[in-house]
Structure formats: structure tokens, C-alpha cells
Amino acid sequence: QVQVVESGGGLVQAGGSLRLSCAASGSIFNINAMGWYRQAPGKQRELVATITRGSSTNYADSVKGRFTISRDNAKTTVYLQMTSLKPEDTAVYYCAVSISNRDYWGQGTQVTVSS
């Protein structure tokens with residue numbers, strides 16, 4: 001079994017910063033990639049940022065230059081540093097861990113940006 005736990009969400013004013021964390025545990029051999037997705041009310045879940053085993057990163061155009069994805073040395077915890085937050089960044093943020101062509105998801109953490 002694989003467990004994925006996110007933390008770090010909250011309420012912040014526009015222009016502020018937050019750092020999300022995601023820890024994977026359990027049968028986590030050969031993690032291919034880890035990433036962050038978000039889902040705003042009434043919208044589909046969308047990719048925010050991903051990082052591969054080889055440390056390649058990918059960002060949604062809407063967050064480029066504002067968000068940074070990183071990983072710890074053990075490669076089992078991924079972070080999302082969010083700066084210059086906007087009200088449109090408000091969403092539930094989910095962490096996904098890709099192992100052997102299967103994705104494991106966390107329960108999500110709420111990020112609310114007030115104007």
C-alpha cells in the first residue's frame with residue numbers, strides 16, 4: 001500500500017506565499033514522478049507542477065515563475081512553494097505519486113487566496 005499525505009494549505013492574502021508538502025510512504029519503490037494538481041469549485045482537476053525521477057520539472061503556464069516544485073533527498077517528499085498568490089489560485093491542491101504506471105492520490109489540502 002502507498003500512503004500520500006499533503007499539508008500546508010490555508011488562507012492567505014493575494015500576493016502572499018504558501019508552501020505545500022506531500023509525503024509518500026509505504027510501498028514506494030521506484031517512484032516515477034510526483035506532482036501537484038488542483039481543483040477549483042465547478043472546474044476540472046488540472047496539473048500544477050510535476051517532478052520526475054530524473055528531476056525534470058513541468059509547470060502549468062498559469063503558475064510559471066510563481067510556483068516552484070522541489071523534492072527532498074530521499075525523493076519521498078515533494079514541496080510546492082507558491083508565491084505571488086492570486087485569488088484564482090484558490091482550490092483544493094492534491095498530490096499525486098506515480099509508481100509503476102499507477103497514480104496514488106492524497107486527500108487534498110485547501111488553499112484559499114483572498115483579494
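Listed here are the residues, each with its yes/no results for (1) surrounded by 13 or more Cβ atoms within 10 Å (Cβ to Cβ); (2) of a type in the set (Val, Ile, Thr); (3) assigned to a strand (DSSP E or B); (4) out of contact with any Leu (no Cβ under 7 Å at 6 or more places or on another chain).
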{"position": "Val5", "(1), (2), (3), (4)": "yes, yes, yes, yes"}
{"position": "Cys22", "(1), (2), (3), (4)": "yes, no, yes, yes"}
{"position": "Gln44", "(1), (2), (3), (4)": "no, no, no, yes"}
{"position": "Ser55", "(1), (2), (3), (4)": "no, no, no, yes"}
{"position": "Asp61", "(1), (2), (3), (4)": "no, no, no, yes"}
{"position": "Asn73", "(1), (2), (3), (4)": "no, no, no, yes"}
Cβ pairs under 6 Å, 6+ apart or interchain, first in the range 95-115 and on the phi < 0 side of the Ramachandran plot, second polar (S, T, N, Q) and surrounded by fewer than 17 Cβ atoms within 10 Å (Cβ to Cβ), ordered by first then second residue, are Ser98/Asn32; Ser114/Gln13
Matching option when the condition is open to solvent by less than 20 Å² (accessible area, probe 1.4 Å) and under 25 Å from Asn101 (Cβ atoms), among Ile28, Ile69: Ile69
Ser100 versus (1) out of contact with any helix residue (DSSP H, G or I) (no Cβ under 6 Å at 6 or more places or on another chain); (2) modelled with pLDDT of 95 or more: which is the lone unmet condition? (2)
Residue that is most open to solvent (accessible area, probe 1.4 Å), among those in the range 82-106 that are within 18 Å of Arg19 (Cβ to Cβ) and out of contact with any Phe, Trp or Tyr (no Cβ under 7 Å at 6 or more places or on another chain): Lys86
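The values are calculated or read from the model by the stated rules, or taken from the named source; none is laboratory data. This one's a predicted model, so the numbers in the text were calculated from it and none came from an experiment. Neighbour counts are summed over all protein chains in view; Cβ atoms, including those assigned to glycine, are modelled from backbone coordinates with ideal geometry. In case anyone asks, the SASA skips ligands and DNA or RNA and just uses the protein heavy atoms, side chains included. Shrake-Rupley method; radii C 1.70, N 1.55, O 1.52, S 1.80 Å.
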